[in-house]
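To start, the structure itself, in structure tokens.
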Amino acid sequence: MNEFDREWLKDMLEYASKAVRVLGPANVESLAVDETKLLAVSYAIQVVGEAASRVSPEARKEFPMVPWGDVVGMRHRLVHGYRARSPQVIAETVRAHLPPLIAMLEQALGDEDS
């Protein structure tokens, strides 16, 4: 993996971790009324998707366990479908999908350090 790809993976890991941390224990109802938290978590998810879109095809092949299309697709959904942004979908994404993604990214980055 080249250094550019490594940096994109680091960005993905950083912002996925931030999304999890910022959401914290908030439930969907509290997320829906906390505009600052909703925007912060949405932004972090968008950055994860943007960084994923910049990872080279070669690096994506090295890490087939990462759901590249889903990650980039979520970014597109948040950016282009901003009027239909759902606190339910955002919370579900952070709780169900980001922790496994974080583990995959940590493994990918850790494998490079070995």
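Here, each number is a calculation from the coordinates, and none is a lab measurement. For clarity, every value in this text was computed on a predicted model and none was experimentally measured. Cβ coordinates were reconstructed from backbone atoms using ideal geometry, including for glycine residues, and neighbour counts include every protein chain displayed.
Rounded to 0.05, the FRET efficiency of the ARG83 and ASN27 pair, given R0 = 30 Å and the Cβ-Cβ distance, is 0.85. Semi-axes of the equivalent ellipsoid of the chain are 26, 14, 11 Å, computed as sqrt(5λ) over the eigenvalues of the C-alpha gyration tensor in descending order. Measuring from centroid to centroid over Cα atoms, what is the spacing of region 1-36 and region 79-97 in Å? That distance is 12 Å. Listed peptides 21-32, 93-104 appear in the order 93-104, 21-32 once ranked by packing, highest mean of other Cβ atoms within 10 Å at the front. Local charge sum around TYR15 (other residues, Cβ-Cβ under 12 Å, Lys/Arg +1, Asp/Glu -1)? Around TYR15, the surrounding residues sum to +1. Which angle from 0 to 90°, rounded to the nearest 10, does the C-alpha axis of helix 35-54 make with the longest principal axis of the chain? Long axis of 35-54 versus the principal axis of the chain: about 20 degrees.
With the simple model of a label 7 Å out from the Cα in the direction of the Cβ, LEU109 to MET65 spans 1.6 nm.
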